[in-house]
Amino acid sequence: MGRRAKNKQSAPEPLDPKPTPSSKKLGKRKADSDDLDGKQSQRPSKKVKDGQGNPKAKTKVTSKPTKGSKKKGKSILSDGQDSGDGWEDIDDDVHLKAHVKSLFDDGDEEDPDAHLDLDEFDLDNVDDEPLRGQLQEFDFDTDEEEEEEDDSPKAPVGKRKKSKQAERPLKIIPTASDASSSDSDASDDDDEERVTMVNMEARSKALDAHAAAEAELDAEELRGGAQENEEDEDVDMDREADEEGNMDAEPFHLPTTAEREEEKARGGPDLQVVQRRMRECVRVLEKFSKRAEKGRSRSEYTGQLMADIASYYGYNDFLVEKLFQLFPVAEAIEFFEANEVSRPVTIRTNTLRTRRRDLAQALVNRGVNLEPIGKWTNVGLQVFESSVPIGATPEYLAGHYMLQAASSLLPVIALSPQPNERVLDMASAPGGKTTHIAALLQNTGVVFANDANKVRTKSLTANVHRLGCKNVVVCSYDGREFPKVMGGFDRVLLDAPCSGTGVISKDSSVKLNKSDRDFTLLSHLQKQLILCAIDSVSPESKTGGYLVYSTCSVTVDENEAVVDYALRKRPNVKLVDTGLSFGREGFTKYRGKTFNPSLNLTRRFYPHVHNMDGFFVSKFKVEKRTKAQSAPVDAEMQEPVDEAVDQEESAGFDSEEDRPYLEDAKRRRMKAKGLRVPPRNKAGPGLIRAKA
């Protein structure tokens, strides 16, 4: 019976009233078989396909029988509440088959043997398990095991042999007992399976001893190989040159002065010849006593190497010598080579407008490949490649970042300004360090951005406005005037003008346009500026009192010599740690010069070591001046003067003889002061008498 006809079927016509036994004894659907013997069921037969009779009385069998199907069970006829009364009087044994046949006579006409025996269906208590069969357990074994199982008789499903991989090995750590007989192995299995603290410790020690022995053997092999390489190194270098086809297999010969002149007359040597000669000179200078030619000095090899560097990289002879003396021979070549490669493009996040994570995500969405510079800064980003101009993005125009070299972040990190402080940047253009200071101050306090060049203050002002720095005052004074113009700063940053020997990769003109006079003038200017910067710091500052001196140069004349001069001229100043976790220490001794031992607190940065521009950073702490420090100096200075006076008196000074010289000196002093000079004949005797 269908679901739609379940509740719409009309009640069947009542049978003849007849006393029937109780439904509890006969069952709900069982009818009295005695009254229905030989009689046809009074329920009208209905065909499924014709649909005749009452349309509401359509029936539907749960499963239509097919030809040859003989499954035992009972049909499910769920008719609702009223349907049970209509089927109680049907004779199960006699007329049920005929009734069903009448219902399906159209569909069974072709095959008279196909009958639907409802007695064979017992679907009320159907158990699906026998139909499904027993559940199979799949065992994923190796291919070899499957082949073995195919040859052997198959085991019942669910009782197959387990995989060998599931079995736990008896021995995890092989021991010496493995080489013994099988009897001893069997006897020791139980002991080895027992894992105790003593057992584990012994095994661990044995393994450590074995590993240490192997490490010693490896170290000995490496030493032996290194010695063999050193012995055969001379021959190998010549062989490499012969295989490349650049040179003959003859040993390296250092050219003499006459041969150099001949090369210059021919237009200079070939670049390949120069390159090989540089490599050979470096190899000889590393072990000069073993590899040098007889009768040739170290200075000859060094001079030839510097001449080749100057011609190969395009430096003048003076600058090559000055930079070559800063490093060992092999490292000097690395320094000159690093200056030919441009440094990575870096940007600094403006924390006044955004965060580094948000800025990085925005630039990545625009097709920029970048990553943080390092752990030493939390605002720097290194740009590898970009599909858009990194200096014209909407984020750049909105002031979210500043194009700034990684090395220029170091002085501000060392200065470490605190909120609500007064800070002076004595040489601030184009504003990278100034805006970095303002960001660390969180737009509190005051930052005085000074630059002596008024033209450069325009770019400084533009960057200050673009980055949203509201606590910056831009001014243009000579840095040497600042103690008189304004003082009392908590912190001062002096990024002094320098020769630029650390940024040769950006400005290649430095290779040729620097001379000894330039370095002399620059160092003199830097010494003046650092003294003025020290005087501008307030020693009474509660949070500050610091000065940071930095340059983008790597020469000693502009760095350690200037710092040592400031320490000697200002005894109330001392060097402190810069707070930078990397970088090389400054020189305390250089080519016969000895500097203050505290210069090891300064930091040097090189392009071939740190992959950033060459830089120097030092940090001073300015303290209060004391009279005890100045009194001994005055006493010492006074004693030589007294001794000189005594010597002059003992020498018998004759005033009449030296009168013309005294008059001329007096006149020169008056002219220098802008005073009116009296005539010679009137001024001389009167002045001398007044002085007497």
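The values are calculated or read from the model by the stated rules, or taken from the named source; none is laboratory data. Since the structure is predicted, the reported quantities are computational estimates derived from the model, not experimental observations. Because the Cβ atoms are built from the backbone with ideal geometry, glycine has one as well, and the counts that use them run over all protein chains shown. Quick note on the areas: whole protein, heavy atoms, side chains included, nothing else; ligands and nucleic acids left out. Shrake-Rupley method; radii C 1.70, N 1.55, O 1.52, S 1.80 Å.
Here are some notes:
- Conditions (1) touching a residue at least 40 places away in the same chain (Cβ under 8 Å); (2) within 13 Å of the chain's Cα centre (by Cα): number failed by E371: (1)
- Residue check for L326: touching a helix residue (DSSP H, G or I) at 6+ places or on another chain (Cβ under 9 Å), open to solvent by less than 30 Å² (accessible area, probe 1.4 Å), over 26 Å from P251 (Cβ atoms) and not in a helix (DSSP H, G or I): yes
- The condition (being crowded, with 19+ Cβ neighbours inside 10 Å and not β-branched (V, I, T)) is satisfied by just one residue among A362, A310, A338: A310.
- For S538: the one exception among (1) modelled with pLDDT under 95; (2) touching a Cys at 6+ places or on another chain (Cβ under 9 Å); (3) polar (S, T, N, Q): (2)
- Flag if V562 is buried (at least 21 other Cβ atoms within 10 Å of the Cβ) and in a loop (DSSP other than H, G, I, E, B): no
- Residues (farther than 30 Å from A398 by Cβ and touching a strand residue (DSSP E or B) at 6+ places or on another chain (Cβ under 9 Å)) located in segment 301-357: Q325, L326
- Of the criteria (1) surrounded by 22 or more Cβ atoms within 10 Å (Cβ to Cβ); (2) outside any helix (DSSP H, G or I), which one I530 fails: (2)
- All positions within segment 604-623 that are assigned to a strand (DSSP E or B) and open to solvent by 40 Å² or more (accessible area, probe 1.4 Å): K621
- Filter result for R456 (over 38 Å from the mean Cα position of the chain (by Cα) and either surrounded by fewer than 16 Cβ atoms within 10 Å (Cβ to Cβ) or more than 21 Å from Y546 (Cβ to Cβ) (or both)): no
- Filter result for the condition that a residue is part of a helix (DSSP H, G or I), in contact (Cβ under 8 Å) with a residue 12 or more places away in the chain and basic (K, R), over K506, K511: K511
- Of the residues making up segment 276-301, those that are at pLDDT below 85 and either outside any loop (DSSP other than H, G, I, E, B) or not hydrophobic (A, V, I, L, M, F, W, C) (or both) are K287, F288, S289, K290, R291, E293, K294, G295, R296.
- All positions within segment 428-481 that are within 13 Å of T351 (Cα to Cα) and among the aliphatic types (A, V, I, L, M): I437, A438, A439, L440, L441, L467
- Yes/no for T461 being in the same structural domain as C532 (by TED's automatic domain parsing) and among the hydroxyl-bearing types (S, T, Y): yes
- Taken over segment 441-461, residues that are touching a residue at least 12 places away in the same chain (Cβ under 8 Å), part of a helix (DSSP H, G or I) and out of contact with any strand residue (DSSP E or B) (no Cβ under 8 Å at 6 or more places or on another chain) amount to 2.
- Residue within segment 624-639 that is modelled with pLDDT under 60, outside any helix (DSSP H, G or I), more than 36 Å from the chain's Cα centre (by Cα) and of a type in the set (A, V, I, L, M, F, W, C) present: no
- Subset tally (residues that are touching a strand residue (DSSP E or B) at 6+ places or on another chain (Cβ under 6 Å) and either of a type in the set (A, V, I, L, M, F, W, C) or open to solvent by 10 Å² or more (accessible area, probe 1.4 Å) (or both)) for segment 492-504: 6
- Qualifying positions in segment 439-453 - over 26 Å from the mean Cα position of the chain (by Cα) and either open to solvent by less than 30 Å² (accessible area, probe 1.4 Å) or under 20 Å from M486 (Cβ atoms) (or both): L441, T444, G445, V446, V447, F448, A449, N450, D451, A452, N453
- Where a residue in segment 381-405 is free of Cβ contacts under 8 Å to residues at least 40 places away in the same chain and its partner, wherever it lies, is open to solvent by 50 Å² or more (accessible area, probe 1.4 Å) and in a loop (DSSP other than H, G, I, E, B), with Cβ under 7 Å and at least six apart: V388/R366; T393/R366
- Qualifying residue in segment 574-586 (condition: assigned to a loop (DSSP other than H, G, I, E, B), of a type in the set (V, I, T) and farther than 29 Å from K511 by Cβ): yes
- Test: residue in segment 646-655 that is open to solvent by 60 Å² or more (accessible area, probe 1.4 Å), at pLDDT 75 or above and of a type outside the set (G, A, S): no
- Residues that are more than 22 Å from P417 (Cα to Cα) and either acidic (D, E) or surrounded by 15 or more Cβ atoms within 10 Å (Cβ to Cβ) (or both), drawn from segment 477-491: Y477, D478, R480, E481
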